[in-house]
Amino acid sequence: MEKAACQNGLEEMKYFFDSLSADWDSHHMNNDEKISAIATAANIRPGAKIADIACGTGVLLTELLSRNPSKILGIDLSNKMIAYASEKFADPRLELVAADLFEVKETGFDLAIIYNAYPHFPDKQKLVKHIFEMLNDGGRFMVAHGEGKEKINGRHTQGTVHRLSWPLRPVLEEAAEFSDLFHIDIMVDTPELYMFSGLKK
């Protein structure tokens, strides 16, 4: 029963984001300066292998590609989000996959980043363990939002999205979910930016 409920939740999540994909870019104006600052905080070195988790239509990809990685794997549950991202980017370093993150078995990443999507992962410990397994020793995870938690949580209180997201807690509480497996070295919790990050132990 629990597995079936989980699968139903995934299907609803996929359908929800598929339905938003066509208008996603026009309705979500992203701040390039914030995205650049987040990428800088991630300390991406040339030749890095990056997992862009819940990449959507590829809002991070221009910035990530500018940091000269060897590979970016963009993963999103929504086939249609991935289709739009594929139309926007043609780069041999980029692989885009429509899949449940937990079915992705590729490892050896130097950075795993989740931008503007962390509230849609209900099982934090499952997420932490999977990211840990994806990363190289000393690899970095990063969770980041280009807005503060109050604004994000306020937007997730109504309609379908309310069933498909879980409120952001103060950054100290969310970062604590990762602290057994990661050395947390970045925490930001302001009205304009929410971010935490750390290195694999």
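The values are calculated or read from the model by the stated rules, or taken from the named source; none is laboratory data. As the structure is a computational prediction, the values presented were derived from the model and not from experiment. Quick reminder, even Gly has a Cβ in these numbers, built from the backbone with ideal geometry, and neighbours come from all protein chains shown.
Here are the numbers for this structure:
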{"quantity": "Qualifying residue in the stretch 122-129 (condition: in contact (Cβ under 8 Å) with a residue 40 or more places away in the chain, touching a Leu at 6+ places or on another chain (Cβ under 8 Å), over 21 Å from V59 (Cβ atoms) and in a helix (DSSP H, G or I))", "calculated": "yes"}
{"quantity": "Residue selected from the stretch 87-99 under the condition outside any loop (DSSP other than H, G, I, E, B) and more than 19 Å from E11 (Cα to Cα), by the criterion nearest to the chain's Cα centre (by Cα)", "calculated": "L96"}
{"quantity": "Failed item in (1) touching a residue at least 24 places away in the same chain (Cβ under 8 Å); (2) of a type in the set (G, A, S); (3) surrounded by 14 or more Cβ atoms within 10 Å (Cβ to Cβ); (4) under 23 Å from S36 (Cα atoms), with S165 passing the rest", "calculated": "(4)"}
{"quantity": "Residue that is surrounded by the most Cβ atoms within 10 Å (Cβ to Cβ), among those in the stretch 109-146 that are out of contact with any Phe, Trp or Tyr (no Cβ under 6 Å at 6 or more places or on another chain) and among the β-branched types (V, I, T)", "calculated": "I113"}
{"quantity": "Counted residues, the stretch 184-201 - those being among the hydroxyl-bearing types (S, T, Y), over 13 Å from A37 (Cα atoms) and either in a strand (DSSP E or B) or at pLDDT below 95 (or both)", "calculated": "1"}
{"quantity": "Pairs with Cβ under 9 Å, 6+ apart, first in the stretch 97-109 and closer than 16 Å to C55 by Cα, second part of a loop (DSSP other than H, G, I, E, B) and of a type in the set (G, A, S)", "calculated": "A98/S78; L101/A54; F109/A48"}
{"quantity": "Any pair with Cβ under 6 angstrom, 6 or more apart, that starts in the stretch 74-85 at a residue that is under 14 Å from E103 (Cβ atoms) and ends at one that is among the β-branched types (V, I, T)", "calculated": "I75/I53; I75/V97; I75/V104; D76/I82"}
{"quantity": "Test: residue in the stretch 7-18 that is acidic (D, E), surrounded by 11 or more Cβ atoms within 10 Å (Cβ to Cβ) and at pLDDT below 65", "calculated": "yes"}
{"quantity": "Of all residues making up the stretch 67-86, the number that are in a helix (DSSP H, G or I) and either of a type in the set (F, W, Y) or within 22 Å of L135 (Cβ to Cβ) (or both)", "calculated": "1"}
